[in-house]
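The values are calculated or read from the model by the stated rules, or taken from the named source; none is laboratory data. None of the values given here were measured: they were computed from a predicted structure. Please note: Cβ atoms are built from the backbone with ideal geometry, for glycine as well, and neighbour counts cover all protein chains shown.
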Amino acid sequence: MAEFDQLQRQQVLDWLHQQVPLSRVAHILRVEQLAIALARQHSLNAAQAAQAGLMHDLAKYFKPKILVEMATAAGLPIDPVDQSNPHLLHASVSALVAQQEFQVDDPAVLAAIADHTLGRAGMTPLSCVVFLADSLEPGRGDTAALNHLRQISQQNLMKAVWMTCDYTFRYLLDAHQLIHPTALQTRNWFLQADTRQNLPLSQSSLPAGSL
């Protein structure tokens, strides 16, 4: 399996050290490593996972005004929840930075970067891997709930995505925070897909909405 280009990796790391705190660089490196491990576990391209993992937070510390300006200039959709919390745009803007600063042109890698915070209905397995790596990397904690999600992520990406969404939603609800509609769509899509996957053949072949 091809390795992520080491020269580009060092260029990204050098750039990150100028842009984000050391604690965030440490998080990024843990995401990179977990993304590689999950990709290999699920027979995906580990080099793509490494690249997306390393670049997922390029815009993490951009100021809200810059995030909104870059998203607007690129024609990206901006939800009212994004307007209330522009930080949520950092995932999509990080994909723009990967394109503009590091000439990344792999659509799968760019999508995985853009999808890592809110997910997306029907996102690719590679995007699932980076989404889960960001939420479940070891620095997030060592609770029973997180360890259970880590175990599920090794076995079933679809199930791990919707269960991780549920875990995040519980935190947001307890904190009286807004839930982005894209995150809700992600959760619902993967819950439905996982449910259909586990239905008996006679039921799973029925048209959507017929149950």
Among (1) closer than 20 Å to Asp115 by Cα; (2) assigned to a helix (DSSP H, G or I), where does Leu44 come up short? (2)
Restricting to the stretch 91-101, what's the tally of residues that are within 15 Å of Thr182 (Cβ to Cβ) and either surrounded by fewer than 24 Cβ atoms within 10 Å (Cβ to Cβ) or polar (S, T, N, Q) (or both)? 1
Kindly establish whether Arg196 is at pLDDT below 95, in a helix (DSSP H, G or I) and out of contact with any Gly (no Cβ under 6 Å at 6 or more places or on another chain). yes
Between a residue in the stretch 155-177 that is in a helix (DSSP H, G or I) and any residue that is surrounded by 11 or more Cβ atoms within 10 Å (Cβ to Cβ) and among the hydroxyl-bearing types (Ser, Thr, Tyr), which pairs come within a Cβ distance under 8 Å, given they are 6 or more apart or on different chains? Ala160/Ser153; Val161/Thr186; Trp162/Thr186; Thr164/Ser135; Thr164/Ser153; Cys165/Thr186; Tyr167/Ser135; Thr168/Ser135
For Ser94, are the conditions met, namely being in contact with an Asp or Glu (Cβ under 7 Å, 6 or more places away or on another chain), of a type in the set (Ser, Thr, Tyr) and within 25 Å of Ser23 (Cβ to Cβ)? yes
When the stretch 102-111 is checked residue by residue, the ones that are surrounded by fewer than 16 Cβ atoms within 10 Å (Cβ to Cβ), part of a loop (DSSP other than H, G, I, E, B) and either under 11 Å from the mean Cα position of the chain (by Cα) or not acidic (Asp, Glu) (or both) are Gln103
Identify, from the list Ala144, Ala47, Ala73, Ala112, the residue that is of a type outside the set (Phe, Trp, Tyr) and in contact with a helix residue (DSSP H, G or I) (Cβ under 8 Å, 6 or more places away or on another chain). Ala112
Test: Val68 is without any contact (Cβ under 8 Å) to a residue 40 or more places away in the chain, on the phi < 0 side of the Ramachandran plot, of a type outside the set (D, E, K, R) and surrounded by fewer than 20 Cβ atoms within 10 Å (Cβ to Cβ): yes
Give the residues of the stretch 126-159 that are over 16 Å from the mean Cα position of the chain (by Cα) and among the acidic types (Asp, Glu), sorted by residue number. Asp142
I'm trying to understand the selection: among the residues of the stretch 47-73, which are touching a Ser or Thr at 6+ places or on another chain (Cβ under 7 Å) and in a helix (DSSP H, G or I)? Met55, Ala71
Identify all residues within the stretch 112-125 that are within 9 Å of the chain's Cα centre (by Cα) and part of a helix (DSSP H, G or I); write none if there are none. Ala112, Ile113, Ala114
Return the total of residues in the stretch 126-146 being among the β-branched types (Val, Ile, Thr) and assigned to a loop (DSSP other than H, G, I, E, B). 1
